[in-house]
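What follows is a set of notes on a single structure, which appears directly below.
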Amino acid sequence: MKYLILLMMLAFSIVSTAHAGPVRIKDLVEFDGVRGNDLVGYGLVVGLNGSGDGLRNAPFTEEIMSNILERLGVNVSGEQFRPKNVAAVFVTAALPPFARGGSQIDVTVSAIGDASSLLGGTLIMTPMNAADGQIYAVAQGTIIAGGATAEGDGANVTQGVPTSGVIPSGARVEREIDFDLSSLSELRLALRDADFTTAARIEAAINNDFGRPVALMLDSGTVSLNVDSTEMISVAHALGRIENISVEPERKARVVVDQRSGTIVMGEDVRISRVAVSQGNLTLRIQEAPIAIQPNPFAEGETVVVPRTRAELEEEPGIGLAEVPDGTSLSEVIAGLNALGVSPRDMIDILKSIKAAGALHAEFIVR
């Protein structure tokens, strides 16, 4: 109960802070054309301490290793080798907008075979392709793995995910994206959270800043900008001015719950109509205690295992029928829910039922 109150207070403080002042346009929209591009590559990691792929289970590792050695002038045709210090991996990265040739980007390396760890490995030069099939970057470097593993004859322990890691600045850009920002005469601003009120406020704020109509709301998620009407030196200068204009966004009333961790987050505009709630818990316990029956000494028979199952069904009295009054503010909603005296996980089920009854006036999101 104490943790639920603290969680609700944290949600209230976070939402109150977010609505306390305006937000820059750059934090609310994406500029049309100003975007990154995903890259992917298939490569080989070497230098592992016996934690690489088993080539019998991952034959593609042997194939890529043979191809790399042959490109380096080493003839391995017909040879049988079973190293344990190599692993086949996928390499992924995001090419940022306006990345120039020679600049470096971070890459993520993930094992695709049965390697148990990439800790201490080195990625061999790996070309990275975009969706058009062209090579835009080349990755290479030492991997920083995100976990560790240890094992013995009778047990093993793993912490984190040792089969995945990153290489900071591990790829160098070799090809630039062909995009001429200065040639645009009209640009669209795409809202990250579509809302008519927020889009109208962005339109008004931009027009007020320039003193003339240069922006037009097209729909709840798009605001069109006439670059020529801004009379700025270039498109980049216009965007640099616009992205720092402040706007107070409007948010939908939302309740977000995470069933795995029992986390509940409520927006400031969440409202609950008057409703009655009753909740109880049902616990089912099943315990297996098999008995081994052995034959008498020197008798012709065999040991038989007889199953024994013990099942218990326990029902808690619950909270009875409790009333949750109307809430005109987030603090009143929290007070009404806390009065039920249930755990956060039970509160998630109660909120689902309140939403189904039509008494929770907010978007309900379950993760």
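First compute the accessible area of region 182-247 with a 1.4 Å probe, then give the percent of it belonging to carbon and sulfur atoms. Using a 1.4 Å probe with all protein chains present, region 182-247 comes out at 49 percent carbon and sulfur. Calculate the spin-label point distance for residue 349 paired with residue 188, positioning each point 7 Å from the Cα along the beta-carbon direction, and give it in nanometres. With each label placed 7 Å out from Cα toward Cβ, I get 4.6 nm.
What order do 241, 192 take when sorted by accessible area (1.4 Å probe), most exposed first?
Putting 241, 192 in descending order of accessible area: 192, 241.
How much length would be gained if the chain were fully extended between residue 274 and residue 302, taking 0.36 nm per residue of separation minus their Cα-Cα distance, in nm to one decimal? If you can, show how the numbers build up before the last one.
On the way: separation 28, 0.36 × 28 = 10.08 nm, distance 6.76 nm.
The residue 274-residue 302 span can extend by a further 3.3 nm.
Determine, from the Cβ-Cβ distance of residue 23 and residue 71 and an R0 of 51 Å, the FRET efficiency 1/(1 + (r/R0)^6), rounded to the nearest 0.05. For residue 23 and residue 71, the calculated efficiency is 0.50. Proximity of backbone amide H atoms, modeled 1.01 Å from N, is registered between residue 141 and 123 at under 5 Å, excluding neighbours fewer than 5 places apart on the same chain. With the charge dipole of region 114-266 set up from +1 on Lys and Arg Cβ and -1 on Asp and Glu Cβ about the Cα centre, the Cα lying farthest toward the positive end among the listed residues 115, 210, 229 is that of 210. Working from label points 7 Å from Cα in the Cα-to-Cβ sense, the residue 243 to residue 219 distance is 2.5 nm.
The residues 210, 98, 196, 179, sorted by heavy-atom accessible surface at 1.4 Å with ligands and nucleic acids left out, run 196, 98, 179, 210 from largest to smallest. Taking 224, 103, 183 and ordering them by how much accessible surface each has at a 1.4 Å probe, largest first, produces 183, 103, 224.
For region 183-305, the solvent-accessible area of protein heavy atoms averages 61 Å² per residue (probe radius 1.4 Å; ligands and nucleic acids excluded).
The values are calculated or read from the model by the stated rules, or taken from the named source; none is laboratory data. Predicted model only: the values in this text are computed from it and were never measured. Because the Cβ atoms are built from the backbone with ideal geometry, glycine has one as well, and the counts that use them run over all protein chains shown. These area figures cover heavy atoms from the full protein model, side chains too; ligands, DNA and RNA do not enter into them. Shrake-Rupley method; radii C 1.70, N 1.55, O 1.52, S 1.80 Å.
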